[in-house]
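Read the structure below first, then the notes.
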Amino acid sequence: FFSIWIGIPMIGAIVFLSIIFLCAADDLKPFATTEPTWPHTEHKLKPSSLWGKNVKAPYPTNEWWQDVVLEAGRNPVFNRPYSFTFHDNGPLVGMPRKMVAANGHFISKWWRDGVTVGFKEESTSHQVVAYDDMSVTVQYNFEKGSVTVPAVRGGPYLTAMYKGVIPCIKFISNDIFSVDGVIGGGTVKGTKFVVRTQSSQVWLVYTMTATEFVWDNKTMTATAPTTVRLASAPWVMRLSDSKPILDKYSSCIPMGGKVSIDVDDKYSSTSVTWNYKNCAPLILALPHHQDVLSRLKVSYTWLKYDGILGSMIGVVGASWSWRQRLVNIGWFAQRPVAADKRDLLIETLKKDLQFTGMAPDTYSFGKGVCRIARLALIAEELNQPDLVKQANEILHASFQPWIAGDGMDKILYDTTWFGTIPKRGLDDWHEDFGAGWYNDHHFHYGYWLYAASVLAKNNETWREETQELFTSLARDIANPSAKDPWFPRYRHFDWYAGHSWASGLMAFTDGRNQESSSECLNAWYGLYLYAKSIEDKNMQRTAASLLAHEMRAAKTYWHSTSDSSVYPEGFSQNKGVGMIWGDKVDYNTWFGAGVVYALGINMMPFTPLSEIYLDQKWMSEAYPVLHKGLQVGYTDDWSAVVYMAEAVVDAKKSWEHMKKIGHFDDGMSRSNAIWWIATRPPFNPHHPITLDFDSPEPYDPSSPHHAAGASRPGLVELHRTLIGLLLLVVLLVGVGLAIYTVLLPKLMREEGQGLLGQNPVSYDTSGTVNVF
């Protein structure tokens, strides 16, 4: 009876809970999987032989490692903390000291010395043979063997796996001073070696098998193939402190990592599952990881590197997970327009709607239609239906040539790299701000999607007619799933760095870069609003997750305050960043130097989202720097940006200054400036509007809690933990019932033996067990 009526349902419950357990962290779904209907074309630039044969389209175009496959592949890439340059004779790895420019305008890691993890033989070729969310793998090919190099984000080691090839480690521009304390050259054997260079830099060399090296002042040559791991001792730690940690995890080899995202209405939960050999790897956590990373599955070490973006802390775990609260944002301001400016704003809207000219390039056009969309939303806030209708008609007319394909420029679908690109930008990479070669797509299409969202929510017919076209733009910049065969996954966003990259298929010696953090945030905001307008919950959650992650990184790395900065004092006094590169943090921009350009490009456009990004605490310190910079002399369009920033700390002064502005940027308007000033909250920098992240206290390596304690789990991790515990309880109950109903009677019938084979028992017809 028990076996049939309880055992079978119990097994069913176990199976059901197992399915729930496995699906608890299901990734976001593709926005669509159909072939884009924009006209098709082939790109002028073809994937070179640096791409392995097994790597197929859709190709990534904005990855941190993109320079490995661009041009001759000779530019360095930056996994943090190292720079890697994949030369023909082997990967060149370096970790120079961090330097702040004397004028405080940039931070860089000046290249001085490096080590080539090479080989005695000459390779026939090398290619990217694999990549994932956290790594790229380069393979060197030989007539009889190969060398595989997995470059993993945040990895404190360079790993080279030699198969049929002899390792030869070459020290470039800096001779070997000693190996394991011995000077002058010789032979060493073992699995761990300490190499000191003439510049006092210490490199730790590890092998996975006992290996003999013959060395002189330039090279260390092995006598047999093995797996080599190379680590630079941190500049900011004593060797006696860092070496034991690096020694301990030297055999734990990360090969890559997969990111899974689960989003509900309030939180985005992120999980990174590391692919590794032997044991859970040691990976360096960036500052924005350190206050959200769940400590249920990882342990923090004392290992610390001085990264370009601040201190990087060594973390050990088979997986990482964290969660953060989504940005609570909608279409309109968080408070109504001030009554004393309402009438003026309505009259100004009427005037601004008379200017309807649009530029032909994708970026400037995007800013133009976004400006009109802002006017439509402001008119809607003020309950002016006639003005809303007028603005929507302008949007409809502006988009029509692009949709019909009969304008000065056209959107095409590229069947080479798999993405949507403008024709003029394809014909000449200087046009469309490089969008034809995949530069800045998120900036451009973010503006388009913002404007399309406004028109789509008010025009059902237009929404249905154009949904596939605009969804393809969304897929281009933010496709969340490998199940979409027509676009790469997360073209711009870097889940390790926490922010997006631009640059596209242009090669740079400083790696990838991103200039305008605010326009990037606007991309995910525009995507979010477009998803709301077409009622696509999956797209909306994707956008909300990207927005929350980008916001955290932008506030961490693009903003500095007196009590919160990841940068040295010589640079943090700037209060902000113009551009972030793979190996450089810059106070300049693409179009000019100066504080107004550097900070101003990271403020526009001004929308309801700006209130969260341009919080009062930061602006109370950044505005004085901006105001001082303005004295140098800037045109009205940039002065307007400064005065709109001033409204965050002093709306009355901002209002007086704004009256003097005669010209606005093509993405702004006087109406939007009035709206912004008229909806500012009272100034209180001690209670700034910030993201309500659900996180433990900041990392403190001296705290016992962070050395061995645990924080609250992320949402996915919590689901899995609770379901796992429930599954365990059900399993134990099922096993107990099986013993009770099947095994126990049999055991009890064995004459003269107790349950444990000790105490004699008697079994009577009443079913009770009497122990004598």
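The values are calculated or read from the model by the stated rules, or taken from the named source; none is laboratory data. None of these values were measured; they are calculated from a predicted model. When we count neighbours, we look across all protein chains shown, and the Cβ atoms used for this are built from the backbone with ideal geometry, even at glycine. These area figures cover heavy atoms from the full protein model, side chains too; ligands, DNA and RNA do not enter into them. Shrake-Rupley method; radii C 1.70, N 1.55, O 1.52, S 1.80 Å.
None of 224, 151 is out of contact with any Gly (no Cβ under 7 Å at 6 or more places or on another chain) and farther than 30 Å from residue 132 by Cβ except 224. Per the listing 691, 725, the residue uniquely over 26 Å from residue 369 (Cα atoms), at pLDDT below 50 and aliphatic (A, V, I, L, M) is 691. The set of residues in region 237-264 being open to solvent by 50 Å² or more (accessible area, probe 1.4 Å) and among the hydroxyl-bearing types (Ser, Thr, Tyr) consists of 240 alone.
With respect to the conditions (1) within 30 Å of residue 263 (Cα to Cα); (2) touching a helix residue (DSSP H, G or I) at 6+ places or on another chain (Cβ under 6 Å); (3) open to solvent by 20 Å² or more (accessible area, probe 1.4 Å); (4) of a type in the set (Lys, Arg), residue 374 falls short on a single one, namely (3).
In region 613-647, the qualifying residues are those that are among the β-branched types (Val, Ile, Thr) and open to solvent by 10 Å² or more (accessible area, probe 1.4 Å), and the one that is nearest to residue 668 (Cα to Cα) is 635.
In region 648-666, the qualifying residues are those that are out of contact with any Lys or Arg (no Cβ under 7 Å at 6 or more places or on another chain) and within 26 Å of residue 363 (Cβ to Cβ), and the one that is most open to solvent (accessible area, probe 1.4 Å) is 663. Checked against the criterion of being farther than 19 Å from residue 68 by Cα, within 26 Å of the chain's Cα centre (by Cα) and in contact (Cβ under 8 Å) with a residue 60 or more places away in the chain, the candidates 150, 156 yield just one match: 156. Considering 508, 591, 487, the condition of being surrounded by fewer than 19 Cβ atoms within 10 Å (Cβ to Cβ), aromatic (Phe, Trp, Tyr) and either free of Cβ contacts under 8 Å to residues at least 24 places away in the same chain or farther than 25 Å from residue 78 by Cβ (or both) is satisfied by 591 alone. The listed residues are 298, 388, and the only one of them that is β-branched (Val, Ile, Thr) and either open to solvent by 50 Å² or more (accessible area, probe 1.4 Å) or out of contact with any Leu (no Cβ under 9 Å at 6 or more places or on another chain) (or both) turns out to be 298.
The residues of region 231-250 that are closer than 24 Å to residue 310 by Cβ, in contact (Cβ under 8 Å) with a residue 40 or more places away in the chain and not in a helix (DSSP H, G or I), listed by number, are 231, 232, 234, 235, 236, 237, 249. As a summary of the residue check, residue 554 satisfies the conditions (1) in contact with a Cys (Cβ under 8 Å, 6 or more places away or on another chain); (2) open to solvent by 10 Å² or more (accessible area, probe 1.4 Å); (3) not charged (D, E, K, R) except for the one numbered (2).
When residue 191 is tested against (1) over 27 Å from residue 312 (Cα atoms); (2) in a strand (DSSP E or B); (3) open to solvent by 10 Å² or more (accessible area, probe 1.4 Å); (4) among the polar types (S, T, N, Q), exactly one condition is not met: (1). Restricting 427, 440 to those that are farther than 19 Å from residue 525 by Cβ, open to solvent by 20 Å² or more (accessible area, probe 1.4 Å) and not small (Gly, Ala, Ser) reduces the list to 427. Close Cβ contacts (under 8 Å, 6 or more residues apart or on different chains) running from residues in region 458-471 that are among the aromatic types (Phe, Trp, Tyr) to residues that are surrounded by fewer than 17 Cβ atoms within 10 Å (Cβ to Cβ) comprise 462/396. Per the listing 29, 44, the residue uniquely in a loop (DSSP other than H, G, I, E, B), of a type outside the set (A, V, I, L, M, F, W, C), modelled with pLDDT of 95 or more and more than 23 Å from the chain's Cα centre (by Cα) is 44. Among the residues of region 65-76, are any touching a residue at least 12 places away in the same chain (Cβ under 8 Å) and touching a Gly at 6+ places or on another chain (Cβ under 6 Å)? No - not one qualifying residue is present in region 65-76.
Scanning region 133-175 for residues that are open to solvent by less than 30 Å² (accessible area, probe 1.4 Å), under 30 Å from residue 495 (Cβ atoms) and outside any strand (DSSP E or B) gives 134, 153, 154, 155, 156, 157. Per the listing 426, 455, the residue uniquely closer than 25 Å to residue 501 by Cα and aliphatic (A, V, I, L, M) is 426. Taken over region 633-653, the criterion of being without any contact (Cβ under 8 Å) to a residue 12 or more places away in the chain and within 14 Å of residue 675 (Cα to Cα) is satisfied by 652 alone. Counting only residues that are more than 20 Å from the chain's Cα centre (by Cα) and either more than 20 Å from residue 109 (Cα to Cα) or part of a loop (DSSP other than H, G, I, E, B) (or both), region 304-315 holds 0 of them. Answer with yes or no whether residue 83 is buried (at least 19 other Cβ atoms within 10 Å of the Cβ), more than 23 Å from residue 164 (Cβ to Cβ) and of a type in the set (Ser, Thr, Tyr). Against the criterion (buried (at least 19 other Cβ atoms within 10 Å of the Cβ), more than 23 Å from residue 164 (Cβ to Cβ) and of a type in the set (Ser, Thr, Tyr)), residue 83 qualifies. Is there a residue in region 458-469 that is crowded, with 24+ Cβ neighbours inside 10 Å and among the hydrophobic types (A, V, I, L, M, F, W, C)? No, every residue in region 458-469 fails to be crowded, with 24+ Cβ neighbours inside 10 Å and among the hydrophobic types (A, V, I, L, M, F, W, C).
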